[in-house]
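Undergrad: One structure follows; several queries about it will come next.
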Amino acid sequence: MRSKDPETRYHDQVRKQRKALEEYAAHEIEWADDLLTWYRAKKMDMPDDEYRAVAFFKNHEYLRKPGSLTLLYSMYKRCMAELPEPTPEIAFDLLAFRFRMYAETLWQGGYDVWQSR
């Protein structure tokens with residue numbers, strides 16, 4: 001059996017990475033909807049930084065800002081590794097914290113120009 005040439009291997013790898021990022025974005029859009037719903041149910045105002053991260057996913061801003069989704073995906077992996085397992089008692093707090101970290105990551109990465117610090 002012949003091995004694939006380098007260009008074909010590269011395109012296969014890029015396709016796999018793109019698919020993983022698309023699945024991640026779809027997953028985070030669902031969680032952004034859930035976070036909005038939870039804030040509405042608690043009748044609380046969402047902090048601006050969390051709202052910016054939610055809007056980033058809901059408005060598909062990652063499509064206009066190359067590299068931003070990869071940066072957020074690396075933050076997601078870090079959060080999942082470092083944060084405790086979600087339980088029903090702390091699930092809302094962990095999700096809100098994760099979106100605050102997304103906002104901070106976007107700001108530090110230079111992708112969020114609307115926030116002034």
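The values are calculated or read from the model by the stated rules, or taken from the named source; none is laboratory data. Since the model is a prediction, treat every value here as computed from it, not as a measurement. Heads up, the Cβs are rebuilt from the backbone with ideal geometry, glycines too, and the neighbour counts pull from every protein chain shown. Ligands, DNA and RNA are stripped out before the accessible areas are found, and what is left, the full protein with its side chains, is counted by its heavy atoms. Shrake-Rupley method; radii C 1.70, N 1.55, O 1.52, S 1.80 Å.
Undergrad: Of all residues in region 18-40, which are within 19 Å of the chain's Cα centre (by Cα) and either of a type in the set (Ser, Thr, Tyr) or open to solvent by 100 Å² or more (accessible area, probe 1.4 Å) (or both)?
TA: First, the residues of region 18-40 that are within 19 Å of the chain's Cα centre (by Cα): 18-39.
Hits for region 18-40 are Arg18, Lys19, Glu22, Glu23, Tyr24, Glu30, Thr37, Tyr39.
Undergrad: Let me ask another. Against the conditions (1) open to solvent by less than 70 Å² (accessible area, probe 1.4 Å); (2) of a type in the set (D, E, K, R); (3) under 23 Å from Trp107 (Cα atoms), where does Asp12 fall short? Just the number, please.
TA: With (1) open to solvent by less than 70 Å² (accessible area, probe 1.4 Å); (2) of a type in the set (D, E, K, R); (3) under 23 Å from Trp107 (Cα atoms) applied to Asp12, the lone miss is (3).
Undergrad: Would it be correct to say that Leu63 is open to solvent by 70 Å² or more (accessible area, probe 1.4 Å) and within 24 Å of Gly110 (Cβ to Cβ)?
TA: Numbers: open to solvent by 70 Å² or more (accessible area, probe 1.4 Å): yes; within 24 Å of Gly110 (Cβ to Cβ): yes.
So Leu63 passes the test.
Undergrad: Could you identify the single residue in Asp12, Asp34 that is in a helix (DSSP H, G or I), closer than 20 Å to Phe99 by Cβ and out of contact with any strand residue (DSSP E or B) (no Cβ under 9 Å at 6 or more places or on another chain)?
TA: When all the criteria are applied, what remains is Asp34.
Undergrad: Check whether at least one residue in region 41-55 is within 23 Å of Gln17 (Cβ to Cβ), open to solvent by less than 90 Å² (accessible area, probe 1.4 Å) and outside any loop (DSSP other than H, G, I, E, B), and report yes or no. Steps first, answer last, please.
TA: Here is the first cut: in region 41-55, the residues within 23 Å of Gln17 (Cβ to Cβ) are 53.
Filter once more, so that each one left must be open to solvent by less than 90 Å² (accessible area, probe 1.4 Å): 53.
Filter once more, keeping what is outside any loop (DSSP other than H, G, I, E, B): 53.
Scanning region 41-55, I find at least one residue that is within 23 Å of Gln17 (Cβ to Cβ), open to solvent by less than 90 Å² (accessible area, probe 1.4 Å) and outside any loop (DSSP other than H, G, I, E, B), so the answer is yes.
Undergrad: For region 91-117, which positions are open to solvent by 60 Å² or more (accessible area, probe 1.4 Å) and within 25 Å of Ala41 (Cβ to Cβ)? Steps first, please.
TA: Step one: of region 91-117, the residues open to solvent by 60 Å² or more (accessible area, probe 1.4 Å) are 93, 97, 100, 107-108, 113-114, 116-117.
Residues satisfying the conditions are Asp93, Phe97, Arg100.
Undergrad: If you go through region 63-117 one residue at a time, how many are of a type outside the set (A, V, I, L, M, F, W, C) and outside any helix (DSSP H, G or I)?
TA: So the answer is 16.
Undergrad: Under the condition of being of a type in the set (D, E, K, R) and either touching a Ser or Thr at 6+ places or on another chain (Cβ under 7 Å) or free of Cβ contacts under 8 Å to residues at least 40 places away in the same chain (or both), which residue from region 43-56 is farthest from Arg100 (Cα to Cα)? Lay out the reasoning, then the answer.
TA: Of all residues in region 43-56, those of a type in the set (D, E, K, R) come to 43, 45, 48-50, 52.
Okay, now just the ones that are also either touching a Ser or Thr at 6+ places or on another chain (Cβ under 7 Å) or free of Cβ contacts under 8 Å to residues at least 40 places away in the same chain (or both), so 43, 45.
On the way: Lys43: 19, Asp45: 14 Å.
Per the stated criteria, the residue is Lys43.
Undergrad: Of the residues in region 57-96, how many are among the aliphatic types (A, V, I, L, M) and touching a residue at least 40 places away in the same chain (Cβ under 8 Å)? Explain how you work it out, then say what you get.
TA: Our first condition is that a residue be among the aliphatic types (A, V, I, L, M); within region 57-96, this holds for 63, 69, 71-72, 75, 80-81, 83, 90-91, 94-96.
Add one more test, that the residue is touching a residue at least 40 places away in the same chain (Cβ under 8 Å), and what stays is 69, 71-72, 95-96.
Total satisfying the criteria: 5.
Undergrad: Considering only region 81-110, state which residues are among the aliphatic types (A, V, I, L, M) and under 21 Å from Tyr62 (Cα atoms).
TA: Going residue by residue through region 81-110, those that are among the aliphatic types (A, V, I, L, M) are 81, 83, 90-91, 94-96, 101, 103, 106.
Hits for region 81-110 are Leu95, Ala96, Met101, Ala103, Leu106.
Undergrad: Oh, and also: Quick one: what pairs do we get from region 20-33, first residue modelled with pLDDT of 95 or more, second in a helix (DSSP H, G or I) and β-branched (Val, Ile, Thr), C-beta under 6 Å, 6+ apart or different chains?
TA: From residues that are modelled with pLDDT of 95 or more, the pairs are Ala32/Val54.
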